[in-house]
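Participant: One structure is given below, represented as structure tokens, and several questions about it will come after.
What follows is calculated from the coordinates using simple rules that are stated; it is not laboratory data. Fair warning: this is a prediction, and the values are worked out from it, not measured in the lab. When we count neighbours, we look across all protein chains shown, and the Cβ atoms used for this are built from the backbone with ideal geometry, even at glycine.
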Amino acid sequence: MLRWTGAVLLAGILTAWAGPKEDGDAAFKAGNNAEAVAAYTQALVANPDDASALIGQGRSLQNLGKRAEAAADFERAIQLAPDNSEAWRGRGLSRYFAKDLPGALTDLDKALELNPKSVMALENRAVVHVALKDYQAAIVDCTRAIQIQPDYVTGYNERGVAWQFLKDDDSALRDFETAIKLDPRNVFALTRRAIIYEERGDKEKAAQEYRFVLALDPKEKDAANHLAKLQNANAATLTKGTEAPAKPASVVQGTTPARSASVTASKSPTTAPTPAVSAAVPSAKTRPTRHPRQRRPPRPVLPRRIPHRHRRPTISRLRRPNPADQLLPAPRPTQPQPQRVPPFRLRSPPTWRRRSRDLQPPTPPNPATNRSKASRSCLSLPWFRRRPPATSSSSRSR
């Protein structure tokens, strides 16, 4: 734990002590050339004779396309540090971009003399050799760079280009495939391999490779141009295949060549051609003549349309099959569940209220009270449910 804390503190102290030149190096490695130029400029303000800051600023300016300013920085760096191989290599690249190939080759030779194991200087000199059409020398430099650094992707790219110029497609394809294995997103190697496929006649594979390159880098011009040519050629082939073969003029006029020649030979300047010979063969598009009284063929009798409510449901009105259901696993078979039957309940007849007199036999009337138990039991009911007591004839007489 203490070691880890000490390492973190040391990294923070070193970062705090890092100057603008170190910031420029970090920005250049990260690909932020504008930030790298700003940091190197700040370092040169503090120390104008810093050769390493001049070299770094020159490389960043080259990546930004400001090659004249980069060449001036490399010139200044060579004056300050003549033994620095990177300064000579940078000026050689500046001369190559300025189309000064002999001057670029001289500077790169000097850079390799100072640092023979510089793979970047070897690869840059191979590019100059290719521009000078010295392809064997380019292959030698790229092979030497690959021997020094076996995973140097740019060396395989440049050597593959040299093999292509020498018409050795097998060796070129081998180098490009090795570069793609080391860097699967290497747009340059992918494009060159597609060009080889196209030259060998594998148009479909080449088009697929070009589309993959454009998916990685839509600004790749070579892949876009080659893909457009393939598509135009394919469209022209399809159009040519669908066109009908042109008919000879004699067939268009209605006579065959042999017959037209015989007719021309039999014609005389004084006699007109016979109607049978000069009549043209009717065209296939001409509609056949029909007698005025000839009727048209009857239309087919279609089945009677059944009303919607009486028709059977079709698949359009049911659930449409979903193709995604075929990708789902089949449902697990389930055991059929027994049907639940509600229990039978003996229900009493629908009555307004259950009364005791409905469950007991009726009792005879009591002469003392002149009312029965059934009538007395009605006293427990509310007033609007009570029945009036039964009256006898004796009470009426009274």
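Participant: How much length would be gained if the chain were fully extended between Ala131 and Thr237, taking 0.36 nm per residue of separation minus their Cα-Cα distance, in nm to one decimal?
Facilitator: 34.5 nm is the gain from fully extending Ala131 to Thr237.
Participant: Follow-up. When the chain is fully extended, how far beyond the present Cα-Cα distance does Lys221 get from Glu113, taking 0.36 nm per residue of separation? The partial results should precede the final answer.
Facilitator: Details: separation 108, 0.36 × 108 = 38.88 nm, distance 3.68 nm.
Full-extension gain reported as 35.2 nm.
Participant: At 7 Å along the Cα-to-beta-carbon direction for both Thr106 and Gln42, put a label point, then send me their distance in nm to one decimal.
Facilitator: A separation of 3.9 nm, rounded to one decimal place.
Participant: Using R₀ = 35 Å, calculate the FRET efficiency as 1/(1 + (r/R₀)^6) where r is the Cβ-Cβ separation of Phe212 and Arg332; round to 0.05. Don't jump to the answer; show the numbers that get you there.
Facilitator: Details: r = 42 Å, r/R0 = 1.21.
That pair, Phe212 with Arg332, gives E of 0.25.
Participant: With no solvent and one point per C-alpha, what does the Debye sum give as log10 I(q)/I(0) for segment 19-100 at q = 0.18, 0.23 Å⁻¹?
Facilitator: Scattering profile of segment 19-100, log10 relative to I(0): -0.64, -1.03.
Participant: Using packing as a proxy for protection, rank 171-183, 223-235 so that the peptide with the highest average count of other Cβ atoms within 10 Å comes first. Numbers along the way, then the final one.
Facilitator: Numbers: 171-183: 18.5, 223-235: 14.5.
Packing proxy ranking, top to bottom: 171-183, 223-235.
Participant: Please give, to one decimal in nm, the separation of the simple spin-label points placed at Ala34 and Asp202, each 7 Å out from Cα toward the Cβ.
Facilitator: It works out to 4.2 nm between the two label points.
Participant: Please give the peptides 114-125, 205-216, 51-62 ranked by average Cβ packing (other Cβ atoms within 10 Å per residue), highest first, as a rough proxy for protection.
Facilitator: Numbers: 114-125: 20.6, 205-216: 17.4, 51-62: 24.3.
In decreasing order of mean packing, 114-125, 205-216, 51-62 become 51-62, 114-125, 205-216.
Participant: Kindly provide the pair-distance distribution of segment 47-180 built from C-alpha pairs, with 5 Å bins from 0 and whole-percent values in order of increasing distance.
Facilitator: 2, 12, 19, 20, 18, 14, 8, 4, 2, 0, 0
Participant: Pulled fully out, how much extra length does the chain show between Arg185 and Val301, if you take 0.36 nm times their separation in residues and subtract their Cα-Cα distance? Write out the running numbers ahead of the final one.
Facilitator: Numbers: separation 116, 0.36 × 116 = 41.76 nm, distance 6.60 nm.
Once the chain is fully extended between Arg185 and Val301, it gains 35.2 nm.
Participant: Obtain the nm distance between the two label points defined at Ala26 and Ala228 by a simple spin-label model: each point lies 7 Å from its Cα along the Cα-to-C-beta direction.
Facilitator: 4.4
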